[in-house]
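Enquirer: The structure under discussion is supplied below as structure tokens; questions concerning it will follow.
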Amino acid sequence: MKIEYAPHNWNLTIYGLYQGKSYIDYISEVENNSKIKETDPYMTFNASISRTFGKVRLYAGGKNIFSYIQDERHLDDAAFLYAPVYGALYYAGISLRIN
């Protein structure tokens with residue numbers, strides 16, 4: 001889902017990404033520790049805001065703003081990534097349009 005609002009020189013965007021239930025193989029290096037995990041559905045939300053002043057744009061935002069992370073991690077299996085493993089990420093910046 002995505003909601004966008006852009007009055008005058010402002011731009012505000014909020015969007016959510018839904019991931020349904022899935023099944024992930026975990027193959028362990030230790031014998032008898034492998035399994036198939038059924039994951040719960042989850043949703044992450046991202047937001048951004050920007051303002052344009054002529055050729056300069058100021059912007060800021062966040063990804064995974066509610067800090068959802070997967071509940072189980074296994075460092076010995078890189079394929080066992082089904083959701084974010086880190087919390088929220090925030091950013092800000094300035095861009096310059098050159099014609």
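Computed from the coordinates by the stated procedures, all read-outs in this text should not be read as laboratory data. This structure is a prediction, so every number in the text was calculated from the model and none was measured. Note: ideal-geometry Cβ built from the backbone for every residue, glycine included; neighbour counts use all protein chains shown.
Enquirer: Once you put a point 7 Å from the Cα of residue 55 and another 7 Å from the Cα of residue 34, both along the Cβ direction, what distance in nm separates them?
Expert: So the two model labels end up 6.0 nm from each other.
Enquirer: Sum up the lysine pairs in the chain that clear both bars: alpha-carbon distance under 28 Å and a spacing of 8 or more or different chains. Intermediate values should be presented prior to the final figure.
Expert: On the way: 2/21; 2/55; 2/63; 21/35; 21/37; 21/63; 37/63; 55/63.
For the chain, qualifying lysine pairs total 8.
Enquirer: HN-Hα J couplings of segment 79-89 from phi, Karplus 6.51/-1.76/1.60, θ = phi - 60°, integer Hz, Gly and Pro as x?
Expert: Per residue, the Karplus-derived 3J(HN,Hα) values read 6, 8, 10, 10, 7, x, 9, 10, x, 5, 10 Hz.
Enquirer: Can I ask one more? Just need the Rg to Rh number for the chain, please, alpha carbons only, Kirkwood Rh. Walk me through the numbers before you get to the answer.
Expert: On the way: Rg = 19.1 Å, Rh = 16.3 Å.
My calculation puts Rg/Rh at 1.17.
Enquirer: What is the spin-label model distance, in nm, from residue 72 to residue 94 if the labels are put 7 Å beyond Cα along the C-beta direction?
Expert: 4.9 nm
Enquirer: Which whole-number percent gives the relative contact order of the chain, counting Cα pairs below 8 Å spaced six or more residues apart? Kindly include the intermediate steps, with their values, before the conclusion.
Expert: Values: 190 pairs, mean separation 23.4, N = 99.
Normalised by residue count, the contact order of the chain is 24 percent.
Enquirer: Less than 11 Å from a label point 7 Å out along the Cα-to-Cβ axis of residue 5: which backbone N atoms in segment 32-60 qualify, by residue?
Expert: Zone members listed by number: none at all.
Enquirer: Ok, one more. What are the ³J(HN,Hα) couplings of segment 36-47, residue after residue, when phi is run through the Karplus curve with 6.51, -1.76, 1.60 and θ = phi - 60°? Round to Hz, x for glycine and proline.
Expert: Taking θ as phi minus 60°, the curve returns 10, 9, 8, 8, 7, x, 8, 9, 10, 10, 10, 9 Hz for segment 36-47.
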